[in-house]
Amino acid sequence: MHHNYYIELPQDTMHVVLQQALSCSLYFVLRWYLDHSVFTLYEVNHVIQNFTYGYTELKDKPVLITNEDLADPFKNFTQTAIQLWLLARVFSFSRESYCDQFPDEESYNL
């Protein structure tokens, strides 16, 4: 009897969620901020390099993002799954200073 392990085994959450869904989401968020000149790729890489990582995070520090990484939403930014997870966390904490550049929700007509 022939078994196809890729069909019979449950999906690998690390690869499905982190390396596909999170990577695509992070790509489109970064792409929007860069296209609207909110910040530059140099600033993003500066944050990646200079963020205060914890002791256990140092070995999983994300690599710098290149223009080639931003050419395709399915490239994973050349990061491993754990690097993508850490990149998403670093990015969300480091962008707080840009929040005041956007209108309050009161200015929207809902």
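Multiply the residue gap between S92 and T80 by 0.36 nm, knock off their C-alpha separation, and tell me the result in nm, one decimal place. Kindly include the intermediate steps, with their values, before the conclusion.
On the way: separation 12, 0.36 × 12 = 4.32 nm, distance 1.83 nm.
Using 0.36 nm per residue and subtracting the Cα-Cα distance, I get 2.5 nm.
Output ³J(HN,Hα) for segment 16-27: one whole-Hz value per residue in order, computed from phi by the Karplus curve 6.51 cos²θ - 1.76 cosθ + 1.60 with θ = phi - 60°, and x for Gly and Pro.
Residue by residue, segment 16-27 yields 5, 7, 6, 8, 10, 5, 5, 4, 5, 4, 5, 4 Hz.
So what J values fall out for segment 40-51 if you push phi through Karplus, 6.51 cos²θ - 1.76 cosθ + 1.60 with θ = phi - 60°, rounded to Hz, Gly and Pro as x?
In residue order, the calculated couplings are 9, 5, 4, 5, 4, 5, 4, 5, 4, 6, 10, 5 Hz.
Arrange D60, D72 by Cβ neighbour counts within 10 Å, fewest through most, would you?
Numbers: D60 16, D72 10.
Lowest to highest Cβ neighbour count: D72, D60.
Is the C-alpha gyration tensor of segment 19-96 telling us rounded, prolate or oblate? Criteria: a/c under 1.5 is rounded; beyond that, a/b larger than b/c is prolate, otherwise oblate. Mind dumping the intermediate values first?
Details: a/c = 1.77, a/b = 1.22, b/c = 1.45.
It comes out oblate by the Cα gyration axes.
Give me K59, K75 sorted ascending by neighbouring Cβ count inside 10 Å, so fewest comes first. Write out the running numbers ahead of the final one.
Values: K59 8, K75 15.
Exposure proxy ranking, most exposed first: K59, K75.
Given a Förster distance of 25 Å, report the FRET efficiency between T56 and V17 from their Cβ-Cβ distance, rounded to the nearest 0.05. Let's see the in-between values first.
Numbers: r = 21 Å, r/R0 = 0.82.
Once the sixth-power term is evaluated, E becomes 0.75.
Hey, what do the phi angles of segment 82-92 turn into as Karplus ³J(HN,Hα) couplings, whole Hz, using 6.51/-1.76/1.60 and θ = phi - 60°, x for Gly and Pro?
Result, ordered by residue: 5, 5, 5, 4, 5, 4, 5, 5, 4, 4, 5 Hz.
Each value in this text was obtained by applying a stated rule to the coordinates, not by laboratory testing. Predicted, not measured: the structure shown is a model, and the values here were computed from it. Heads up, the Cβs are rebuilt from the backbone with ideal geometry, glycines too, and the neighbour counts pull from every protein chain shown.
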